[in-house]
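Here is the structure we will look at.
The values are calculated or read from the model by the stated rules, or taken from the named source; none is laboratory data. Because the structure is a prediction, the values reported are computed rather than measured. In this analysis, Cβ positions are derived from the backbone assuming ideal geometry, glycine residues included, and neighbour counts consider all displayed protein chains.
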Amino acid sequence: MDHEEDLETIASRILQPLDYALTYLAEGIEKECGRCAADGIDPAADPCTFAANVRRYVLHAMRAHLPLPVRAPMSPLHLDLGPYQLKILHADDGDAPSPRTDARREFYRLNELGVMSMNVYPATGSSLVVISEDVTEVLDSSLVLVWDYSGAELTQADLYRPPVTGFPGPSFDLLAATETVTEDDFSGVRREGTATAATGTDGGVSDGGGS
């Protein structure tokens, strides 16, 4: 059996959670920039706090779709998507954060083991993962969505399946892969069939909440 494991295929399988995540990242960045402006704070003065507050916003919003811990403000966002485990991490010089800890190395190393999942549908949130019925096994994957921002805009959303050896490995640009094509009389309408991954706007929920 041919197991497709390229990042574009994986992104298409987890389209909905990626869409939610990008929507809430964009909202969280905008809200946090607005809060900083109102308080007279330069977001660049404390990027760790800025990223933590965005992370807290996304965590709160994603609870509407997946079972997540009540409080994990200092931990990476981790989404259990059955055969795929997704961490949402702020970019480190434009790339996936390096495996500096044992936990991170273990998370990345799963991609080198080639463990097959017989049950490709997660026990919870199965509607968020779409896998063709003729596929009965997929490789378990440790995925990382690497995000970054400029001003109040989400400027980077790359999907990685990082190994320990050859880190960080290839990535899939979710923003570039989902650009919309507009026509004069139908502003904002996507040309059918141009998207293969999440857009951060289509199908997302606008009211994420958060602090």
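Of everything in the range 26-52, what is among the β-branched types (Val, Ile, Thr), in a helix (DSSP H, G or I) and over 19 Å from the mean Cα position of the chain (by Cα)? Give them in sequence order. Passing the criteria: only Thr49. Just one residue in the set Val129, Val135, Val115 is surrounded by 15 or more Cβ atoms within 10 Å (Cβ to Cβ) and modelled with pLDDT of 50 or more; that residue is Val129.
Answer yes if at least one residue in the range 53-76 is buried (at least 19 other Cβ atoms within 10 Å of the Cβ) and not in a helix (DSSP H, G or I), and no otherwise. Give the steps one after another, and end with the answer.
Residues of the range 53-76 buried (at least 19 other Cβ atoms within 10 Å of the Cβ): 53-59, 61-62.
Still in the list and also not in a helix (DSSP H, G or I): none.
No: zero hits.
Contact map, the range 1-12: residues that are at pLDDT below 90 paired with residues that are exposed (fewer than 15 other Cβ atoms within 10 Å of the Cβ) and among the aliphatic types (A, V, I, L, M), Cβ distance under 9 Å, separation 6+ or inter-chain. Pairs shown: Met1/Val135; His3/Met116; His3/Val135; Glu4/Val135. Do you know which residues across the range 130-173 are of a type in the set (A, V, I, L, M) and either part of a strand (DSSP E or B) or out of contact with any Asp or Glu (no Cβ under 7 Å at 6 or more places or on another chain) (or both)? Hits for the range 130-173 are Val130, Ile131, Val135, Val138, Leu139, Leu143, Val144, Leu145, Val146, Leu154, Ala157, Leu159.
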